[in-house]
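Each remark here refers to the structure printed beneath this line.
The values are calculated or read from the model by the stated rules, or taken from the named source; none is laboratory data. All values reported here derive from a predicted model rather than from experimental measurement. All Cβ positions, glycine included, derive from the backbone under ideal geometry; neighbour counts span all protein chains shown. We work out accessible area using only protein heavy atoms, side chains counted, and drop any ligands, DNA or RNA first. Shrake-Rupley method; radii C 1.70, N 1.55, O 1.52, S 1.80 Å.
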Amino acid sequence: MARPVTIQDDVLLKAARELFLERGVRATTAEIAARAKVSPGILFKRFKSKEALFRAAMGSQTVDAEPPLPVDLDARVGKGRVEDTLVELGLGLAEKSQRFIPTLMMAWSNRQTPGGEATSPSDLERASGRAAARVEKIADYLAQEARLGRVRDGDFQVFAQTFVGALWHHAFLTVVGAGRKGSAPSREHVRRVVDTLWAGLAPPARAKR
């Protein structure tokens, strides 16, 4: 009979999630076991590898079920301030990146390790496809706002790539420990990103937005 899932599994996942966010991929299974107050062997009875623990703790097993963007941009066209929509979108994207990056890094690492739990090409293709879909949706949203005169016409593909890239970089630095340990993406940081990029989008007469 398979071992039933117990409350202990929740304790393990909570400890793992905390340490992965604090220390990124440098967090060890021994450290996670110590925080959860269990022996390292308990971890491997429930999770067959560190990557499997990453996936369960960081929620990447549900990535495919999530919408590509944390904000419904189609519903926002012509409503509210474009800058505010971009800030809300940016916060959601940065948080998703911070949860996903550790698993991605571990997956790539294990592809080079004999006996590692390799990530299949289809997994990587899905991740790449979702990233491209995000850029397309953001660019399409801005194009619709441009037709309404709420943003300046421009290369929205480049804007979307730059926007997503800046948020991904912030999340990456947090995960690898180059930023503040355990820090979540802040509204102030995302607002600064939007304000910096907004100079290329703001219509000549701001009152028309």
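So here's what we get for this one:
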{"item": "Failed criterion for Ala33 (all others in (1) at pLDDT below 70; (2) part of a helix (DSSP H, G or I) hold)", "result": "(1)"}
{"item": "Condition broken by Gly24, with the remaining ones in (1) at positive phi; (2) modelled with pLDDT of 85 or more; (3) buried (at least 16 other Cβ atoms within 10 Å of the Cβ) satisfied", "result": "(2)"}
{"item": "Single condition Asp153 does not satisfy, out of (1) open to solvent by 40 Å² or more (accessible area, probe 1.4 Å); (2) in a helix (DSSP H, G or I); (3) modelled with pLDDT of 90 or more; (4) not basic (Lys, Arg)", "result": "(2)"}
{"item": "Pairs, first in contact (Cβ under 8 Å) with a residue 12 or more places away in the chain and of a type in the set (S, T, N, Q) in the stretch 8-37, second assigned to a helix (DSSP H, G or I) and open to solvent by less than 70 Å² (accessible area, probe 1.4 Å), C-beta under 6 Å, six or more apart", "result": "Thr29/Pro40; Thr29/Leu43; Thr29/Lys50"}
{"item": "Residue in the stretch 71-90 that is assigned to a helix (DSSP H, G or I), modelled with pLDDT under 80 and either open to solvent by less than 40 Å² (accessible area, probe 1.4 Å) or under 25 Å from Leu148 (Cα atoms) (or both) present", "result": "no"}
{"item": "Enumeration of residues in the stretch 187-209 that are part of a helix (DSSP H, G or I) and at pLDDT 85 or above", "result": "Glu188, His189, Val190, Arg191, Arg192, Val193, Val194, Asp195, Thr196, Leu197, Trp198"}
